[in-house]
Structures are given as C-alpha cells and as structure tokens.
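*Asks:* The structure follows.
The values are calculated or read from the model by the stated rules, or taken from the named source; none is laboratory data. Source: prediction; values computed, not measured. A quick note on method: Cβ atoms are made from the backbone with ideal geometry, for glycine too, and the neighbour counts reach across all protein chains shown.
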Amino acid sequence: MILSRNFPHAAYSTLDPTVEVERMIESLGNKLHFYCKFTPNPDANVLYTVEWYHGINTLATKLKESDPLLFMSWDDFKNKTSLTEDDIPSIGIVILNKTDIHLDGLTSPTIYIQSTIPFACPTGTENCVLNVGVYIPSASNCSVSVEDMQSSSQCGVGIPKREWERPQPLAIDLETGIKASVSPVAMELHLKTIERFLSHRIFENHILPDKVKLYVSSLNVDFVHQKACNAAWDYVHTFDMLNYWIKTIGNLIMYRNKRYQIEVQVKSVSYYSICGVAVRAGRDVFIVDKCQTPNIVRMDQYLDAVLKWKMSEDRIEITLPTGSKINIANETWNYYLGERWINVTVYPSLTDPDESLGLCGNCDGNKWNDLIRRDGSLQHPYLESDWGHPSDFIQDWVVKDGEDLFKASSRVTLSKWHDENISLCSCNKPMRLTNIESRITCSPGRIQVCEDT
C-alpha cells in the first residue's frame with residue numbers, strides 16, 4: 001500500500017516483500033530470526049501490517065504507521081484507501097506440487113517436499129537429516145489429529161542439512177495385485193516431521209498444513225478383473241480368450257511373470273488330463289500332484305513366506321504376493337479314462353499385462369499375440385497345420401532340466417523373493433534419523449473414502 005506525497009489518496013505499487021531468516025546458535029538451543037524485507041519507493045510513504053503465523057495460529061501482529069499520522073484508526077484507513085494484501089509466503093516445509101494426483105497403475109507420480117528455511121544439526125556435525133513422514137488416515141476415521149500421527153511417520157522424505165533448499169521426491173505407487181473393480185476414490189496424504197529433533201525443537205512433531213489429495217483410478221483394474229487363464233483336461237483358455245488343445249504328456253509352464261519370481265507349472269501323464277500343478281513365488285512352492293499314489297497336496301517349500309493359501313473340501317485358492325490368484329479344483333474324476341484330473345485357473349493382477357508368458361499367453365487384450373515362445377518369437381494361433389494344437393509353441397514351454405518344480409533338486413536352486421513395491425499403502429521401514437523410505441504404495445482396498453470439504 002503506497003501513499004504518494006503528491007496525491008492525497010492511495011496508489012498501487014509492487015513492493016515484492018521477502019522473508020529472510022537468520023539462524024542463531026545459543027547455549028540453550030537454536031533459534032530462527034525472521035525478517036520481512038522490502039525496498040519502498042523513495043517518493044512514497046508506506047503503511048503496512050505484518051502478521052506472523054505458526055501453522056494456523058497467529059503469533060504476532062504489528063501495525064507501523066507513517067509520520068505524520070494521516071488516519072485516525074484502522075477503519076478510517078480502510079474507508080479512505082484501498083488495501084492490497086500480498087500472497088502469504090510459506091516459511092518452513094512445503095509441498096511444491098499440491099495438485100490432485102491420479103494413480104492408475106501405469107505411472108508412479110511423484111510429489112516434492114522442500115524446506116524454505118535452514119535447520120540446525122547437533123553440535124559438531126553439519127550432515128544431519130530432517131525426516132518428514134507420511135500419515136495415511138485409518139479406515140475408521142477421516143480426521144487427522146496429532147495423537148493419530150504420533151507413530152505414523154514410517155515413510156516419507158529425508159531433508160539433508162547440507163541441501164536443505166533442494167526439493168526431495170516422494171514416489172507414489174498403486175498397489176500391485178488389485179483385482180476388484182472400483183470407481184475412482186479419494187484419499188488424503190498428510191505429512192509430519194519427526195517426533196524428536198532436539199537440535200532444533202521448532203522442527204519436531206509438526207503437521208504440515210498442506211495435504212495431497214490422491215485419486216485412485218479404476219483404469220487397468222477393470223481390465224484385469226474380467227480375465228482368467230484356465231487349463232483343464234487337454235485344453236487351455238488364455239487370458240485373452242484364445243482356446244487351443246494341449247495333448248502333451250509331461251510338465252508345462254502354464255504361467256510365468258517376466259518381472260517377478262512367480263510361476264505355475266502343470267503336469268499330465270496322458271494326452272487327455274492335467275493331474276498336477278506346482279505354484280511358485282520366490283522360494284515358496286505349493287504342490288498338488290494327483291498323478292501318483294499317494295496324492296500330494298501340500299506347501300512343499302516355504303522359505304520366503306509370501307504365498308498364501310486356503311483349502312476347502314474340493315478346491316484350493318493360492319494368492320501370490322503380486323495379488324494374482326490361482327484356483328485349483330482338485331477332486332474331479334475323468335470318467336473316460338478312469339483317472340483324476342484337476343482344473344487350474346489363474347486370475348491376473350496389475351503386474352501381469354505385458355508381463356505374462358507361458359501357455360496363458362500375453363495378457364494384453366489381444367489374443368493374436370498370445371503364442372509367444374521363450375525367445376520372444378510369435379507363432380500364429382491358427383496355422384492350417386496346427387488345427388487348434390500349436391505344437392511348436394507348446395513344446396517350447398515344456399519344462400527343461402533344472403526348472404521342474406515337482407523335483408526337490410530344482411526347488412533348492414530357486415531365487416529369493418524380492419518384494420519391490422508390493423506393500424500396502426505404507427512402507428515397512430521404521431522412522432529413523434536417517435534412511436527413510438521415499439516411496440509409498442496405495443490401494444483402493446485400504447484407503448479411506450472421505451467426503452470433499
């Protein structure tokens with residue numbers, strides 16, 4: 001607000017005020033001194049107010065008036081002039097991109113957190129880190145309180161003292177393995193600094209007033225929801241609805257994921273029935289073998305503890321750590337051959353589009369590229385010589401030496417499961433002074449749907 005000496009009423013001008021900070025080191029702790037600075041027009045008198053806030057609380061208000069006094073009161077000033085108000089600058093820790101973020105499983109959006117002021121490290125060191133953790137509201141409560149957030153900061157970003165001005169990234173993933181069809185739902189992410197930061201107490205246990213609105217989209221969720229690959233008797237129905245005859249004796253790779261260490265093998269001892277299945281994730285292997293007597297139905301190897309299973313009288317449901325599921329109907333009788341056969345169905349997850357291989361084919365909505373061999377070459381599904389039995393493709397997926405999950409010698413060489421980005425809407429790392437997990441994973445099944453306010 002500028003008052004010109006040559007005019008009795010107010011005129012507008014851009015002062016471009018800035019807030020500068022000075023760190024004061026004292027015996028009882030560290031303090032920050034803030035200064036509101038601007039360069040006034042030399043041909044004008046300035047009347048202004050400065051209000052300081054901590055969060056939403058006003059700390060101090062001071063009115064400085066020019067001399068000689070032109071207005072008898074604040075109301076008198078507002079009535080006789082036009083007041084201009086500067087945008088409130090953010091001082092402290094801010095979220096730079098607060099726009100709505102949409103998760104669709106195709107990309108990993110990133111938000112950036114930045115400190116606009118320096119902070120102090122413990123005496124004798126200049127390489128400390130200030131952690132800012134993420135809080136996700138529980139499924140029973142949309143509101144956020146300090147009490148809720150006391151132990152919630154398990155993932156977020158670490159702001160190093162030496163680079164306190166540099167924006168720090170926090171990546172957000174959609175939980176892999178989502179199969180349920182959902183409408184886009186919203187959740188809010190709140191951030192809070194570490195509970196104890198003794199070298200500079202003003203930075204500890206502070207809830208940032210900014211929040212991030214996440215929208216989890218149903219894109220790709222609906223895509224995999226309707227898909228399944230089935231192997232029964234002597235035929236296969238791929239993810240993309242291509243049907244063909246197997247008519248092969250031996251062990252075959254029904255499903256394999258290129259990115260993750262997961263696989264399903266089926267076994268047959270005749271041309272007309274599947275009598276065994278082995279499911280693998282990492283070093284965990286579940287086996288159903290009706291091809292021999294006595295039958296085998298068990299978790300044969302459980303070293304990584306990532307496979308989950310449920311058994312009923314007539315079926316077994318196995319859940320992979322990616323969210324893909326395998327249903328096994330394990331007590332069906334082939335009346336023509338007088339032997340038992342099993343029906344195996346694989347339900348894909350968001351990890352499978354363009355990543356699946358084997359008899360189930362490439363899960364991408366196009367059945368014409370389902371018959372992909374190990375070397376990446378493609379066999380046309382309807383060659384005249386095949387007549388619905390792509391023998392070259394099938395033989396290419398016969399289990400090789402060292403791959404047979406039904407053999408103990410193959411199981412001992414399996415690689416350990418690596419759970420990259422398979423967590424649920426949080427991270428498992430505890431909050432530490434250093435080494436904070438800068439990635440979170442969110443799922444429609446775990447987030448709280450709150451009404452917009």
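*Asks:* Only residues that are loosely packed, with under 15 Cβ neighbours inside 10 Å and farther than 11 Å from Ala281 by Cα: list them for the range 404-420, please.
*Replies:* Passing the criteria: Lys407, Ala408, Ser409, Val412, Thr413, Glu420.
*Asks:* Can you confirm whether the range 202-216 contains a residue that is on the phi > 0 side of the Ramachandran plot and modelled with pLDDT of 75 or more?
*Replies:* The answer is yes; a qualifying residue exists.
*Asks:* Could you grab the pairs with beta carbons closer than 8 Å, sequence gap of 6+ or different chains, first residue in the range 193-212 and surrounded by fewer than 16 Cβ atoms within 10 Å (Cβ to Cβ), second one in a strand (DSSP E or B) and modelled with pLDDT under 80?
*Replies:* Correct list of pairs: Arg201/Gly29; Lys211/Glu188; Lys211/Leu189; Lys211/His190.
*Asks:* Another question about this same structure. How many of the residues in the range 235-270 are farther than 12 Å from Ile394 by Cα and assigned to a loop (DSSP other than H, G, I, E, B)?
*Replies:* Going through the range 235-270 one residue at a time, the tally reaches 10.
*Asks:* Any chance you could count how many residues in the range 301-324 are part of a strand (DSSP E or B) and surrounded by 18 or more Cβ atoms within 10 Å (Cβ to Cβ)?
*Replies:* 4
*Asks:* Does Arg373 fit the bill of being modelled with pLDDT of 85 or more, among the basic types (Lys, Arg) and over 21 Å from Asn257 (Cα atoms)?
*Replies:* No, not satisfied.
*Asks:* Out of Asn295, Asn257, Asn251, I need the residue that is at pLDDT below 90, touching a strand residue (DSSP E or B) at 6+ places or on another chain (Cβ under 8 Å) and assigned by TED's automatic domain parsing to the domain that holds Ile372. Which one?
*Replies:* Asn295
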